[in-house]
Amino acid sequence: MSLVETKICGAKLPDGSQCMAEPVPGKNRCHRHGGASTGAKTAEGRKRQSEGAKARWREIHQALAMAQARHNAGTEAKT
């Protein structure tokens, strides 16, 4: 290790590598990957974020259920 340890953002990039940019002071991510974000300030904004997150989780759960069903169908066909 070097004598001077430099923090990096570390966000996963589309090519699979890590972002090597320096994080925003006091944060763990650079300004491109959410380090400068302070989040929603109004009740309306927080509600909109919450609804969006719930919708994404519903999509994830549906996709996982479909993948599990395909896996189970393939397993049953082999036996």
Which of (i) 1.99; (ii) 1.74; (iii) 1.34 is the computed Cα Rg over 2.2 N^0.38 Å? It is (ii)
Ranked output for segments 27-34, 64-71 by mean other Cβ atoms within 10 Å, highest leading, reads 27-34, 64-71
In the chain, lysine pairs 8 or more places apart or on different chains with C-alpha atoms under 30 Å apart total 10
If one compares the long axis through the Cα atoms of helix 43-78 with the longest principal axis of the Cα atoms of the chain, the angle in degrees, nearest 10, works out at 40
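For the chain, what's the relative contact order in percent, using C-alpha pairs closer than 8 Å and at least 6 residues apart?
Numbers: 51 pairs, mean separation 11.8, N = 79.
For the chain, the relative contact order is 15 percent.
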Carbon plus sulfur, as percent of the 1.4 Å-probe accessible area of the chain, comes to 56
Full extension between residue 61 and residue 20 adds, at 0.36 nm per residue less the Cα distance, a length in nm of 11.5 nm
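The values are calculated or read from the model by the stated rules, or taken from the named source; none is laboratory data. Nothing here was measured: the structure is a model prediction, and the numbers come from that model. Neighbour counts are summed over all protein chains in view; Cβ atoms, including those assigned to glycine, are modelled from backbone coordinates with ideal geometry. Surface accessibility is based on the protein's heavy atoms, side chains included, excluding ligands, DNA and RNA. Shrake-Rupley method; radii C 1.70, N 1.55, O 1.52, S 1.80 Å.
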